[in-house]
Amino acid sequence: MKILVVGTGAREHAICQAVHEDAELYSYMSNQNPGITKLAKEYYIGSEMELESVRDKATAWGVDLAIIGPESPLEEGIVDLLQETGIDCVGPTQAAARIETDKAFMRKLFVDHRIGGSVAYGVFDNVEEAGNFIDDFEKDLVVKPIGLTGGKGVKIMGEHLEDGADAKQYVREIIDNKIGGHASVVLEERLVGEEYTIQALVDGSHVMPMPAAQDHPHAYEGDQGPITGGMGSYSDIDGLLPFLDEKSYHDSVKIMEDTVKAVKKEVGPYKGVLYGQFMLCREGPRLVEYNARFGDPEAMNVLPLLKTSFMELCQQVVDGNLKKATFEPKATVCKYLVPNGYPDSGKANSVIKVDEEKINAAGAMVYYAAVNQENEHIYTSSSRALALVAAGETIAEAEEICEQATNYVDGDLYHRRDVGTEALIQKRIKHMQELLSS
Ligand code: GLY
C-alpha cells in the first residue's frame, strides 16, 4: 500500500515512523525533515497549502491513502480535493474540520446537541456587545479568535489580559484585524483545573481513544513565560494521568463520542484524528477545544506505543470499521529542544548536531521538527527543532532517559528540564487535590 503523509514536523515524523514498515511511504513537506527523508521512498518539498500541487504529487505517486498532519490544509479542504481524485484520507473534510477551524461552530454544536462538558460562552462580531458581555460576566473570561491562529490567538484574563479593559481592547484588535480570518470573537468562561489531551481515531461513527497525555505550553520551567506550540508532554503506564482518574477519562471520551455523532448529523461523517483538549475541573471534565489532527507533541506519546499496525488502523478509519488498538503499557516523556529565543525570536539557520546513535543507545527516540537538512548539516528555523521521547515503566524512568538523551544534541537550543519530573507531577496532583477539596 502507498501512503502519503502531508506535513513536515515532529508529529509527521512520528506518523511516518508508525507507518513506514507496513507501507510504501511518500512525503509532501515544506522543509527537508531529516527523519522523514530517511523513511520515505520519495518526498517532495513544497507548501502543504498548495493543495493542487499535493494532489498532483499524490496522483503521480499513485498513493492509495493520505494522512494529513497539520490543520491548515484541512481548513482549505485538502481532504475534499484528494477524495474527489479517488484518494482515501485520514483527516476530516473541510466541513467536519470546522470542529477545530470554527470555534463558534464547535460551541454551538455542544449547545444544540446537549453535549456534556460545555462552558458558558458568547460569540460576537460587534465590539460594544462583546464589551457588555465582559462587563456583565462575573468571572474571568478567555478571549478567542474564531479561526486558526497557530495556537497564538487565545488570551486569558488574569494571565495574558489584566482586566476587562484589556479584554475589550483585545476583542477590538481581533475584530478590526480579522485575527484568525474572521471579524468575530468567542468569549468563554475561564476554566480552573488541570489540562490534558485525549487523542482518538474516528471512522465516522466509532471513536478509538488513545492514552491521555499532558502538554506543557509555557516556554520556561515552572510553567512560566510565553505560550508555545508545546515544550514537552508525558503519559502514564495505565493510559490515565497522575491527576486524571478513570471515570474522568471515560467521561471525556463520551464527550468526544457525542461530538462525533453531532458532527455526523450536522455536516457528515468525521474521519481522521480527533484531539480533545480538556480541563479537569472541580465539576469534572470540560472541553477546552478540539483539534482535527494529532497533537504536537502529544502524538509522540502515543504513536511509539502502538502495538496494532497503524496502517491497518488508518485503513479501518477509511472503511468505517475501526476496532480497538493495543498500546504498550509504558509511560512516556517527550521533551522539545527549541532554538534560544523561541517562541518570540528563535535563532534560525544555526547548525545543530544530533548524535542519533547515542540517543538510541540511551533508550530514547528522535523526532525532527522545524529543521532543514542541507547536505550533511541540520539547520534550525525559528520554531521547535526536535523532540526526544523515552518510554519506561514509570514517568520518572522515562524522564531520566529523556533528559540523559538531551546531552547528545549540540546547538544553540534550550529545553524544559522539568517536563515529566516528580516535582512537577506532584504540583499537578496537589493542584487537583486542592481544587477538589475547595
Ligand atoms: N499540543 C498542542 C497542539 O497540538 O495543538
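The values are calculated or read from the model by the stated rules, or taken from the named source; none is laboratory data. All figures in this text were calculated on a predicted structure; none of them were measured in a lab. Please note: Cβ atoms are built from the backbone with ideal geometry, for glycine as well, and neighbour counts cover all protein chains shown. We work out accessible area using only protein heavy atoms, side chains counted, and drop any ligands, DNA or RNA first. Shrake-Rupley method; radii C 1.70, N 1.55, O 1.52, S 1.80 Å.
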Handout entry: Test result for Lys155, open to solvent by 50 Å² or more (accessible area, probe 1.4 Å) and in contact with a Phe, Trp or Tyr (Cβ under 7 Å, 6 or more places away or on another chain)
Key = yes
Practice task
Pick out the one residue from Pro209, Pro217 that is in contact (Cβ under 8 Å) with a residue 12 or more places away in the chain and within 16 Å of the ligand (Cβ to nearest atom).
Solution key: Pro217
Practice task
Check whether at least one residue in region 73-93 is within 30 Å of Ala167 (Cα to Cα), of a type in the set (Gly, Ala, Ser) and open to solvent by 40 Å² or more (accessible area, probe 1.4 Å), and report yes or no.
Solution key: no
Exercise for the section: Return yes or no: is Glu397 over 22 Å from the mean Cα position of the chain (by Cα), closer than 29 Å to Asn31 by Cβ and assigned to a helix (DSSP H, G or I)? Expected result: no
Handout entry: region 174-200, residues that are within 16 Å of the ligand (Cβ to nearest atom) and modelled with pLDDT of 95 or more
Key = Glu194, Glu195, Tyr196, Thr197, Ile198, Gln199, Ala200
Practice task
Please verify whether region 373-384 includes one or more residues that are touching a helix residue (DSSP H, G or I) at 6+ places or on another chain (Cβ under 9 Å), within 30 Å of Lys271 (Cβ to Cβ), of a type outside the set (Gly, Ala, Ser) and not in a helix (DSSP H, G or I).
Solution key: yes
Completion exercise
Matching residues in region 400-433 (in a loop (DSSP other than H, G, I, E, B), of a type in the set (Asp, Glu) and more than 24 Å from the chain's Cα centre (by Cα)) number 1
Practice task
Could you please tell me which pairs satisfy a Cβ distance under 6 Å, a separation of 6+ or placement on different chains, a first residue in region 254-282 that is more than 20 Å from Leu191 (Cβ to Cβ), and a second residue that is part of a helix (DSSP H, G or I) and away from the ligand (no atom under 16 Å from the Cβ)?
Solution key: Ala262/Leu109; Tyr270/Val260; Tyr270/Val263; Lys271/Val317
Exercise for the section: Filter the strands (runs of 3 or more DSSP E) completely within region 227-315 down to those with at least 3 residues that are touching a Cys at 6+ places or on another chain (Cβ under 7 Å) and away from the ligand (no atom under 16 Å from the Cβ). Expected result: none
Exercise for the section: Please verify whether region 319-338 includes one or more residues that are aliphatic (A, V, I, L, M) and in contact with a Pro (Cβ under 7 Å, 6 or more places away or on another chain). Expected result: no
Problem - Unmet criterion (only one of (1) at pLDDT 95 or above; (2) more than 14 Å from the chain's Cα centre (by Cα); (3) open to solvent by less than 50 Å² (accessible area, probe 1.4 Å)) for Lys265 - result: (3)
Handout entry: Every residue from region 343-371 that is in contact with a Phe, Trp or Tyr (Cβ under 8 Å, 6 or more places away or on another chain) and either open to solvent by less than 40 Å² (accessible area, probe 1.4 Å) or aromatic (Phe, Trp, Tyr) (or both)
Key = Ser350, Ile352, Val354, Ile359, Ala362, Ala369, Val371
Completion exercise
Tyr220 fails exactly one of (1) at pLDDT below 95; (2) open to solvent by 40 Å² or more (accessible area, probe 1.4 Å), namely (1)
Problem - region 7-28, subset within 16 Å of the ligand (Cβ to nearest atom) and of a type in the set (Val, Ile, Thr), residue nearest to Ala292 (Cα to Cα) - result: Ile15
Practice task
Those residues that are open to solvent by 10 Å² or more (accessible area, probe 1.4 Å) and either part of a strand (DSSP E or B) or within 16 Å of the ligand (Cβ to nearest atom) (or both), I need them from region 316-336; list them, please.
Solution key: Phe327
Practice task
Report, ordered by the first and then the second residue, all pairs with beta carbons closer than 7 Å, sequence separation of six or more or different chains, a first member in region 124-151 that is over 26 Å from Pro217 (Cβ atoms), and a second member that is open to solvent by 80 Å² or more (accessible area, probe 1.4 Å) and part of a helix (DSSP H, G or I).
Solution key: Val127/Arg172
